[in-house]
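FYI, it's all coordinate maths here, none of it is from the lab. If you're wondering where the values come from, they're calculated on a predicted model, not measured in any experiment. We place every Cβ from the backbone using ideal geometry, glycine too, and count neighbours over all the protein chains shown.
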Amino acid sequence: MSHIFNLLFDQYSGYDTLDIVLEIIAVVFGVLSVWFSKENKIWVFPTGIVSTSIFVYLLYKWGLIGDMLINAYYFAMSIYGWYIWTRKIDKDKYTPISFTTTKEKYVSVLLFILTLGVVYVIYQLFDKWTSWTAYVDTFTTALFFVGMWLMAKRKIENWIFWIIGDLISVPLYFYKGLTFTSMQYIGFTVLAVFGYLAWKKTINNAPQTL
C-alpha cells in the first residue's frame, strides 16, 4: 500500500505546502464547475473562474506554459460564457442547449488550427519543445480551446472535445507530477460522459419548432 502511495504522491515532496493546498482547492472547484455544467447550471462559470485563476498562478510558477495558457483561456471564456448563458433570446427564453450549426463547425475547425499555430509559436519563444509532452500539450490545448468555446455557446458537442482531452490528460498530468490534477481529469472524464447524456436528453425533450 505504501508503494502505491509513494508512487502517487512522492512527486510532491519538493513542493511548497501552500501550492499543494492551492492545487487541491483548484481541483475541487474544477470538479464543481464540470458538475454544474453537466447540470446546466450557471454556477459552472464562477466556480470555473476560481479554479482557473488558481491554476494560472500555479502553472506559471511551475513553468508549464501550455497548461497555463489553457487555464487563462478558460478564465476568459468563463466570463464570456457567463454572459451568453444569461442572455435572453427573447423575453422569456435564455440561450438554449443546441447542436452546432454548419458555420460553427467551420469555426471550430479554424479555432483548432489557430490554437495549434499560436501554441507552437509560444513554445518556440519560451523554448518549451524539450519533451514529448509539449506535442501532446499542443494537441490537448487545441481540443480544450474548442471545447470551452462550444460550452460557452451551450453546444452539446463541447462534451466530445472534453472527453477526448480529459482521457489524454489523465496520464499526461500524472507523468508531469501533478497527481491531484490527474485525478481531477479522471473525474472530468466521467462527468463529461454524463454531461453529454444529460444535455442530449434535454435536447430530445425540448419542444420542436418548425
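Name the residues whose placed amide hydrogens come within less than 5 Å of the amide hydrogen of residue 94, ignoring near sequence neighbours (fewer than 5 apart) on the same chain.
Amide H neighbours of residue 94: 89.
Pop a pseudo-label 7 angstrom from the Cα along the beta-carbon direction at both residue 126 and residue 53 and give the gap in nm to one decimal.
2.1
With runs of 4+ DSSP H residues as the only contributors, calculate the mean residue ellipticity of the chain at 222 nm using -39,500 (n - 2.57) per run, divided by the residue total and rounded to the nearest 500. Could the numbers behind the result be given before it?
Numbers: 8 runs with 159 residues, N = 210.
Here the helix-only value at 222 nm equals -26000 deg cm²/dmol.
Which ordering of 68, 77, 183 is given by a fewest-first count of other beta-carbon atoms within 10 Å? The partial results should precede the final answer.
Numbers: 68 19, 77 22, 183 16.
Starting with the residue having the fewest Cβ neighbours, the order is 183, 68, 77.
Long-range amide H contacts for residue 100: which residues qualify at under 5 Å (H placed 1.01 Å from N, peptide plane, sequence gap of 5 or more or a different chain)?
Answer set, sorted by chain and number: 156, 157.
Averaged across orientations, what area in nm² does the convex hull of the alpha carbons in the range 62-125 project?
Details: hull surface 22.9 nm².
Mean shadow area of the hull around the Cα atoms is 5.7 nm².
Just one of [x] 17.8, 62; [y] 15.5, 43; [z] 16.2, 47 is Rg and Dmax of the Cα atoms in Å calculated from these coordinates, so which is it?
Only one option fits the structure, namely [x].
Once the convex hull of the C-alpha atoms of the range 59-177 is built, how many Å³ does it hold per residue, rounded to a whole number?
105
Only Cα pairs under 8 Å and at least 6 apart count here; give the relative contact order of the chain as a rounded whole percent. The partial results should precede the final answer.
Working: 241 pairs, mean separation 47.0, N = 210.
Value for the chain: 22 percent.
Mean Kyte-Doolittle of at least -1.0 plus a Cα span of 30 Å or more along the axis: flag which DSSP H helices in the chain meet both, please. Write down the numbers at each step before the final one.
On the way: long enough: 17-38 (32 Å, 1.76); 102-125 (35 Å, 1.27); 132-152 (31 Å, 1.13); 179-205 (39 Å, 0.47).
Span-like helices here: 17-38, 102-125, 132-152, 179-205.
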